[in-house]
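The values are calculated or read from the model by the stated rules, or taken from the named source; none is laboratory data. Here the structure is a predicted model, which means the values were calculated and not measured. No Cβ is skipped: glycine too gets one built from the backbone with ideal geometry, and neighbour counts run over all protein chains shown.
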Amino acid sequence: MKRVLHITYDMGIGGTEQVINQLVRGMDKSAVEHRICCIEGSVGAIGQALQNEGIGIEVLTRQPGFDWALIKSIRQLIKKHHIDILHCHQYTPWVYGWFAALGTKAKVIFTEHGRFFPDRHRRKAWLVNKLMAATTYKITAISKATKAALVEYEFIPAHKIEVIYNGIEPLQSSEAGKARVRQELGIRPEQRVIGTVARLDPIKNQAMMLEAFALLAPKFPDLVLLLVGDGPERQNLEQLASKLKISERVIFAGFKSPATDYMAIMELFLLPSLSEGTSMTLLEAMSLGIPCIVSDVGGNPEVVQHERCGLVLINNTSSFLAERIEYLIDNPEVFSLLATSAKKIFESTYTVKTMCDYFKSCYA
């Protein structure tokens with residue numbers, strides 16, 4: 001049996017945390033034993049659920065500056081639990097994990113889950129990153145775009161990086177569940193729903209989504225925009241909806257967990273983000289057979305594959321987004337083809353089993 005220790009910031013609600021959650025739950029427990037170490041002093045909601053199921057989670061608190069004591073604590077965990085694989089998620093956990101594993105039997109795997117926007121060069125990292133990369137067992141990225149960013153901004157040789165796409169369990173919704181949500185949100189039977197599930201944050205570009213909807217609203221009086229999620233941008237977005245005079249047809253549902261039935265009532269899933277890795281909610285929408293319209297950033301165009309299971313915005317503006325939405329509404333045969341293809345592509349590439357199989361081979 002391989003003993004794996006995942007090093008991450010915390011296990012709250014987010015894409016990285018969902019990937020770790022899927023790896024822990026999706027792998028053969030007779031072959032791999034997982035533990036998790038959170039270095040930001042918090043377990044988080046996903047971590048708490050795993051703890052309740054008996055998964056060992058250690059909580060450390062990283063101090064300001066470079067925390068040498070944190071390295072010592074991680075090293076103690078490696079030795080105490082006889083760790084074979086130290087799987088570091090994101091750059092900072094990789095740095096601390098790499099130092100902690102020196103002189104132990106643990107092999108280090110670094111997975112980059114996405115990049116900050118806007119990305120930047122850090123010349124001072126040139127030497128240390130090359131050294132760390134050369135002595136790291138495996139380096140993986142969640143998309144080709146993320147791999148390219150590691151090469152350009154972190155100076156990691158391309159041949160060292162393997163792309164392993166995120167995987168999830170397909171969502172399952174019911175007619176009763178969708179009916180309940182429509183009733184809860186006051187959506188009439190004749191109304192059609194488009195929308196998104198995402199944190200309300202400037203990086204997700206929901207403001208442009210509202211502006212696009214304002215252009216569409218006069219042409220499609222039965223169309224409703226549903227935003228599922230919460231975040232620092234909510235008040236600004238609500239004010240913008242009011243300014244655009246679309247408040248009565250824009251629904252801010254707030255954070256929902258699970259959000260399955262809320263997503264399932266959407267005919268189109270919108271993700272015009274300014275930056276993305278491989279969006280978990282995008283994969284969830286595809287698993288439900290929902291066509292997607294996404295911005296041409298990060299892993300979006302790799303996942304959606306323009307005109308195969310959705311549309312990629314070559315021009316990330318409100319007018320172009322409105323035009324693309326109108327095109328799919330007015331062409332039901334294209335819409336149907338994209339919906340069928342979305343589900344097939346998900347099943348062939350983005351399942352938990354596919355992701356777990358790749359990482360299991362990395363752990364071998």
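Quick look at the values:
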| item | result |
| --- | --- |
| Given (1) in a helix (DSSP H, G or I); (2) closer than 29 Å to Pro301 by Cα; (3) of a type outside the set (S, T, N, Q); (4) not assigned by TED's automatic domain parsing to the domain that holds Arg25, number of the condition Arg182 does not satisfy | (2) |
| Complete set of residues in segment 75-93 that are in a helix (DSSP H, G or I) and farther than 16 Å from His34 by Cβ | Arg75, Gln76, Lys79, Tyr91, Thr92 |
| Search result, residues across segment 1-26 that are farther than 17 Å from Gly56 by Cβ and either without any contact (Cβ under 8 Å) to a residue 24 or more places away in the chain or of a type outside the set (Gly, Ala, Ser) (or both) | Tyr9, Ile13, Gly14, Thr16, Gln18, Val19, Gln22 |
| Qualifying positions in segment 186-216 - surrounded by fewer than 22 Cβ atoms within 10 Å (Cβ to Cβ), of a type in the set (D, E, K, R) and under 20 Å from Val297 (Cβ atoms) | Arg199, Asp201, Glu211 |
| Among the residues listed as Ala339, Ala259, Ala285, Ala264, the single one being closer than 20 Å to Gln191 by Cα, of a type outside the set (Phe, Trp, Tyr), within 15 Å of the chain's Cα centre (by Cα) and buried (at least 19 other Cβ atoms within 10 Å of the Cβ) | Ala285 |
| Residue count, segment 224-234 (criterion: within 16 Å of Glu248 (Cβ to Cβ) and either free of Cβ contacts under 8 Å to residues at least 40 places away in the same chain or surrounded by fewer than 20 Cβ atoms within 10 Å (Cβ to Cβ) (or both)) | 3 |
| Tally of residues being of a type outside the set (Val, Ile, Thr) and within 12 Å of Ile139 (Cα to Cα) across segment 99-122 | 4 |
| Yes/no for Ile156 being in contact (Cβ under 8 Å) with a residue 12 or more places away in the chain, aliphatic (A, V, I, L, M) and in a loop (DSSP other than H, G, I, E, B) | yes |
| Phe220 vs. criteria surrounded by 16 or more Cβ atoms within 10 Å (Cβ to Cβ) and either under 22 Å from the mean Cα position of the chain (by Cα) or under 19 Å from Ser273 (Cβ atoms) (or both) | no |
| Close pairs (8 angstrom Cβ cut-off, 6 or more residues apart or separate chains): among the polar types (S, T, N, Q) in segment 328-349, outside any helix (DSSP H, G or I) anywhere | Thr340/Gly289; Ser341/Arg308; Ser341/Cys309; Thr349/Tyr165 |
| Which listed residue is among the charged types (D, E, K, R), in contact with a Phe, Trp or Tyr (Cβ under 6 Å, 6 or more places away or on another chain), on the phi < 0 side of the Ramachandran plot and in the same structural domain as Leu337 (by TED's automatic domain parsing), from Asp222, Asp230 | Asp230 |
| Boolean, Lys29 is over 17 Å from Val4 (Cβ atoms), without any contact (Cβ under 8 Å) to a residue 60 or more places away in the chain, out of contact with any helix residue (DSSP H, G or I) (no Cβ under 7 Å at 6 or more places or on another chain) and exposed (fewer than 15 other Cβ atoms within 10 Å of the Cβ) | no |
| Selected residue (criterion: nearest to the chain's Cα centre (by Cα)) from residues of segment 288-316 that are more than 15 Å from Ile345 (Cα to Cα) and surrounded by fewer than 19 Cβ atoms within 10 Å (Cβ to Cβ) | Asp296 |
| Meets criteria (surrounded by fewer than 16 Cβ atoms within 10 Å (Cβ to Cβ), free of Cβ contacts under 8 Å to residues at least 60 places away in the same chain and either touching a Gly at 6+ places or on another chain (Cβ under 8 Å) or of a type in the set (Gly, Ala, Ser) (or both)) for Ser319 | no |
| Odd one out for Leu321, checked against (1) in the same structural domain as Arg192 (by TED's automatic domain parsing); (2) of a type in the set (A, V, I, L, M); (3) closer than 18 Å to Asn166 by Cβ; (4) modelled with pLDDT of 95 or more | (3) |
| Pick from segment 134-148, criterion outside any loop (DSSP other than H, G, I, E, B) and in contact with a Phe, Trp or Tyr (Cβ under 8 Å, 6 or more places away or on another chain), ranking: surrounded by the most Cβ atoms within 10 Å (Cβ to Cβ) | Ile139 |
